[in-house]
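J.: Quick one: structure below, then a few questions.
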Amino acid sequence: MKWRKALILTAATPPALLVLAAIAVGVFLLLQPKPAPRPEPAETRDGRWQQDVEYLAQELPRLHVNAFHTTPQRTFDSAVAKLLHDIPQLQDHEILVRIAQIVAAVGDAHTAASARAPDSRSFPIRGAWFSDGFFVVRTAPGFKKLPRSEVLRIGDLNIEEVLRRVGTVVSYENETKLRVDAPSYLNNPDVLHALGIIPERDSASFTVRQADGDTATIWLPAMRIHRDQWEAVSINRPRYLQRRSEDFWFELMEDGEVLYFKYNRCRDPLGFWRFSRSVLNVLDEQPVERMVIDFRGNGGGNSALFTYLLLRGLKKQSVNQRGRLYGIIDGATFSSAVMNAAELRLETAAILVGEPTSGKPYGYGEVGSFTLPNSGLTVWYSSEYFEADPKLGDTPSLEPDVMIMRTSEDYFTGKDAVLDSLIVGLFVSSK
């Protein structure tokens with residue numbers, strides 16, 4: 001959602017105005033409140049943690065645009081006081097989790113703190129949620145038999161109860177966001193131990209349903225795993241998972257009948273201005289039958305780019321007709337990308353297809369951050385509230401007009417059921 005008010009641009013915006021807009025952004029940042037000076041570190045471990053918690057209790061309400069919009073201040077203050085009292089009896093990883101819980105309780109998805117220490121160990125699996133369950137999609141070397149397995153239990157708890165407990169450290173506003181972000185904690189021994197999911201941190205039991213249908217309980221060790229060591233399941237990557245390093249790209253498909261635009265990140269004003277002109281030129285010059293704008297995996301950034309550099313021009317194109325213009329959203333569509341997808345539906349004839357988004361199409365955003373003085377833990381917070389368009393209603397997620405949920409089989413076989421349907425123009429009308 002960044003900088004929306006600073007970039008009121010037109011589809012014909014020259015580069016000079018983009019420079020002026022960037023200057024406006026800089027001025028906007030300078031006017032934002034700054035974190036308070038850090039105290040001199042206390043001499044003891046407990047004292048340093050107490051300083052961090054006190055700094056959090058002071059700065060988060062001061063910097064957030066409305067820190068008590070969901071959780072009352074008395075509840076926040078009580079949680080802080082309880083943590084300050086408990087610090088001498090807690091291990092470092094338990095304090096970190098308690099801090100993350102306090103921040104997550106603020107109740108908006110942009111206000112967050114990681115419960116996972118940067119140098120913490122991991123269990124040698126990474127998973128993802130699909131419509132049919134939680135499945136292993138990556139493993140550390142030596143655990144190649146586990147990919148494609150469905151995780152049913154961790155320790156003595158079924159996976160839904162594990163999710164409920166982990167949800168206390170995840171900042172989310174809808175179920176989709178919880179299931180998108182929770183996997184980063186489900187392989188972390190420190191977090192699972194602090195939440196009472198596993199009894200000790202060196203190893204834990206995981207009950208899985210393997211690809212052949214057999215159920216097994218396996219013990220996994222906690223390991224230090226470098227990010228380059230994770231091995232992904234070998235799959236044929238569908239189009240939307242290709243070229244992830246590029247912020248945005250497009251191509252003509254089906255002998256030029258379909259213009260496919262993949263929007264990975266909402267950033268790079270000058271690059272997106274040039275890109276938008278190219279897209280609109282193609283629509284002017286070629287007989288494109290359908291256009292697909294794919295927001296899947298877009299975590300946000302600057303929502304004004306799409307609104308003022310592409311959408312205004314797109315509304316004038318002949319492809320702006322029911323059954324010819326589509327948007328694709330999924331659980332990883334967040335922040336500014338959700339706003340853009342909502343605008344696409346509201347201001348054009350586009351049909352949205354896919355899954356509910358992890359972000360609201362309105363609400364708290366414009367993210368700032370500060371670090372706790374001793375642990376160095378980064379805390380992100382919302383500095384602005386974005387009003388909803390009345391047509392959207394009070395919704396925690398942007399829902400597609402046509403729901404197509406991704407299954408584990410889709411992922412492991414590389415199938416893209418959504419794009420396959422849109423290429424043949426399957427959906428002409430809905431709502």
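J.: On a 1.4 Å probe surface of the protein chains, which of Glu175, Glu231, Glu285, Glu43 comes out largest in accessible area, and what is the full order? Don't skip to the end; give the middle numbers.
T.: Details: Glu175 90, Glu231 65, Glu285 145, Glu43 175 Å².
Of Glu175, Glu231, Glu285, Glu43, the descending order of accessible area is Glu43, Glu285, Glu175, Glu231.
J.: Rounded to the nearest 0.05, what FRET efficiency do Glu399 and Glu160 give with R0 = 30 Å and r taken as the Cβ-Cβ distance? Could you check?
T.: That gives a FRET efficiency of 0.85.
J.: Leaving out ligands, DNA and RNA but keeping every protein chain, what accessible area does Tyr308 have, in Å² rounded to the nearest 10, with a 1.4 Å probe?
T.: Counting only protein heavy atoms, the figure is 30 Å².
J.: Set the Förster radius R0 to 25 Å, insert the Cβ-Cβ distance between Arg224 and Glu43 as r into 1/(1 + (r/R0)^6), and round the FRET efficiency to 0.05.
T.: E between Arg224 and Glu43, to the nearest 0.05, is 0.25.
J.: Once every Cα of the chain carries one equal point scatterer and solvent is ignored, give the base-10 log of I(q)/I(0) from the Debye formula at q = 0.10, 0.13 Å⁻¹, two decimals.
T.: -0.79, -1.23
J.: List the residues of the range 177-195 whose backbone N lies under 18 Å from a point placed 7 Å from the Cα of Leu392 along the Cα-to-Cβ direction.
T.: Under cut-off, by backbone N: 177-178.
J.: Taking Cα atoms of the range 357-405, Rg/Rh with Kirkwood Rh, to two decimals?
T.: Rounded to two decimals, Rg over Rh is 1.18.
J.: Based on the Cβ-Cβ distance from Thr413 to Arg74, what FRET efficiency comes out when R0 is 60 Å, to the nearest 0.05?
T.: Once rounded, the FRET efficiency stands at 0.70.
J.: Counting helices only, and only those DSSP H runs with n ≥ 4, report the 222 nm mean residue ellipticity of the chain as the sum of -39,500 (n - 2.57) divided by its residues, in deg cm²/dmol to the nearest 500.
T.: Estimated from H runs of four or more residues: -9000 deg cm²/dmol.
J.: Bin all alpha-carbon pair distances of the range 323-431 at 5 Å intervals from 0 and give each bin's fraction as a whole percent.
T.: 2, 11, 18, 19, 15, 11, 9, 7, 4, 2, 1, 0
J.: Something else about it: With every protein chain kept in place and ligands, DNA and RNA left out, what is the accessible area per residue of the chain? Probe 1.4 Å, answer in Å².
T.: On a per-residue basis, 44 Å².
J.: Past 23 Å, Cα to Cα, is the threshold; run Lys144/Lys177; Lys262/Lys315; Lys262/Lys391; Lys145/Lys262 against it and keep the listed order. Please list the in-between numbers first.
T.: Details: Lys144/Lys177 28 Å; Lys262/Lys315 18 Å; Lys262/Lys391 26 Å; Lys145/Lys262 33 Å.
Lys144/Lys177; Lys262/Lys391; Lys145/Lys262, as the Cα separations exceed 23 Å there.
J.: Still on this model: Under a point spin-label approximation (7 Å from Cα along Cα-to-Cβ), what is the Leu346-Asp268 distance to one decimal in nm?
T.: Result: 2.8 nm between the two label points.
J.: Quick one: with all protein chains in place, what share of the accessible area of the range 236-333 is carbon or sulfur, to the nearest percent (1.4 Å probe)? Please report the intermediate quantities before stating the final value.
T.: On the way: 1510 of 3870 Å².
Answer for the range 236-333: carbon and sulfur cover 39 percent of the accessible area.
J.: Using a cut-off of 16 Å between alpha-carbon atoms, which aspartates and glutamates can reach Lys415, once sequence neighbours fewer than 8 places away in the same chain are excluded?
T.: Leaving aside aspartates and glutamates fewer than 8 places away in the same chain, those within reach of Lys415 are Asp132, Asp294, Asp330, Glu355.
J.: Among the DSSP beta bridges whose two residues both lie in the chain, what percent are antiparallel, rounded to the nearest 5?
T.: Close to 70 percent.
J.: Another question about this same structure. What percentages make up the Cα-Cα pair-distance distribution of the range 242-352 when the bins are 5 Å wide from 0?
T.: All Cα pairs, binned at 5 Å, distribute as 2, 13, 25, 28, 21, 10, 1 percent.
J.: In nm, to one decimal, how far is the modelled label at Thr378 from the one at Asp202, with both set 7 Å along Cα→Cβ?
T.: 3.4
J.: What span do the alpha-carbon atoms of the range 172-284 cover on each of the three principal axes, reported in whole Å from largest to smallest?
T.: Each principal axis gives a Cα extent; for the range 172-284 these are 63, 34, 30 Å.
J.: Right, next: What is the extension gain from Ala232 to Arg62, computed as 0.36 nm multiplied by their sequence separation minus the C-alpha to C-alpha distance, in nm to one decimal?
T.: 57.0 nm
The values are calculated or read from the model by the stated rules, or taken from the named source; none is laboratory data. Note that the coordinates shown come from a computational prediction; the quantities given were computed from them, not determined experimentally. Glycine also receives a Cβ, built like all others from the backbone with ideal geometry; neighbour counts cover every protein chain displayed. Remember, those area values only see protein heavy atoms, side chains included, never the ligands or the DNA or RNA. Shrake-Rupley method; radii C 1.70, N 1.55, O 1.52, S 1.80 Å.
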